[in-house]
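Asker: Next up is a structure, given as structure tokens.
Throughout, read-outs are computed from the coordinates displayed, never taken from laboratory work. As the structure is a computational prediction, the values presented were derived from the model and not from experiment. Every residue, glycine among them, receives a Cβ derived from its backbone with ideal geometry; neighbour counts consider all protein chains shown.
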Amino acid sequence: MDKRKMINFTLIMMVIGFMLAVQFQTVKEPVTRDTRGTWQLREDLLKEKELSSKLIQEIRSNEEKLDKYETERDQSKEQVLRETLEELKREAGMTEITGPGIKLRIEPVYEELMLGKTVSSISPELLKRLVNELNMNDALHISIDGQRIINTTVIRDVNRETKIDRHSLNKLPIEVLVITENMKTAEKLYNRMKVSKSVEEFFIDNLRIVVSPPEKEITIPAYNDSIHIRYMKAVRPDEGGKS
């Protein structure tokens, strides 16, 4: 290798070395020192703790809200079930009820009593016809002699004694209470019962039906006997939907 080539090679190596040195210095990150004091570090740590405490409080607050929502949802379901049960009881006649309606009084025809004819009872057929006529004229709830009339009520003759279920009707007069939807229907029922066929049929048996004007509040007692359900049985959970 001649002298000229040696000089060129040396110059090239110097340039390469210089470029590498500049590149290394550019890429190298400067070393920084944490110059914060002890009190500043304590303040920063306190801020972090406060932030952590706020986050924990928010988490607890959200958990409490979720628990509250779950409780309200469960209570809402329970409330719906209770309201449904009360509605079913009311429809079945198991609760006392108050509303607008009329009163009927079944009593002996006193003119016949003066002639020596005694009337001490009422036939089941007459009572059934009266109840059917009341129902046909928009009666919602009926009681006879303090006995609530429901769908399973039986009016029959037992040993020549008229009974409503197990209650004996052996004394006159007898009070019949009827509740309607509103005062308008009560007025309508009042007018119809004053000219009803039942009045004539009762009179033939020496009985009189006295119809009182409509009242805003009439209270009918709850059905006081047990309801016997026939031809029904509880379905087990694993049999649901099977026919």
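Asker: What is the set of long-range amide H partners of Ile164 at a cut-off below 5 Å, with H atoms built 1.01 Å from backbone N?
Answerer: Amide H neighbours of Ile164, under 5 Å, 5+ apart: Leu169.
Asker: Apply the Karplus curve 6.51 cos²θ - 1.76 cosθ + 1.60, θ = phi - 60°, to the phi angles in the range 203-209 and return the couplings in whole Hz, x for Gly and Pro.
Answerer: Listing the rounded values in order: 5, 4, 8, 6, 10, 10, 9 Hz.
Asker: Taking 51 Å as R0, compute the FRET efficiency from the Cβ-Cβ separation of Arg60 and Glu215 and round it to 0.05.
Answerer: Details: r = 59 Å, r/R0 = 1.15.
For R0 = 51 Å, the calculated efficiency reads 0.30.
Asker: Applying a 10 Å radius around every beta-carbon, put 206-215, 90-99, 155-164 in order of their mean neighbour count, most first.
Answerer: Details: 206-215: 17.2, 90-99: 15.4, 155-164: 13.8.
Descending mean neighbour count gives 206-215, 90-99, 155-164.
Asker: Continuing with this model, one more query. Through the Karplus equation 6.51 cos²θ - 1.76 cosθ + 1.60, θ set to phi - 60°, convert the phi angles of the range 128-142 into ³J(HN,Hα) values in whole Hz; use x for Gly and Pro.
Answerer: Values, residue by residue: 5, 5, 5, 4, 5, 5, 4, 5, 5, 10, 6, 6, 9, 9, 9 Hz.
Asker: Count the lysine pairs in the range 97-220 that are 8 or more places apart or on different chains: how many have C-alpha atoms under 24 angstrom apart?
Answerer: Lysine pairs meeting the criterion: 26.
Asker: Tell me, what HN-Hα J-couplings in whole Hz come from the Karplus equation 6.51 cos²θ - 1.76 cosθ + 1.60 at θ = phi - 60° for each residue of the range 89-103, using x for Gly and Pro?
Answerer: 4, 5, 5, 7, x, 8, 10, 5, 9, 10, x, x, x, 9, 10
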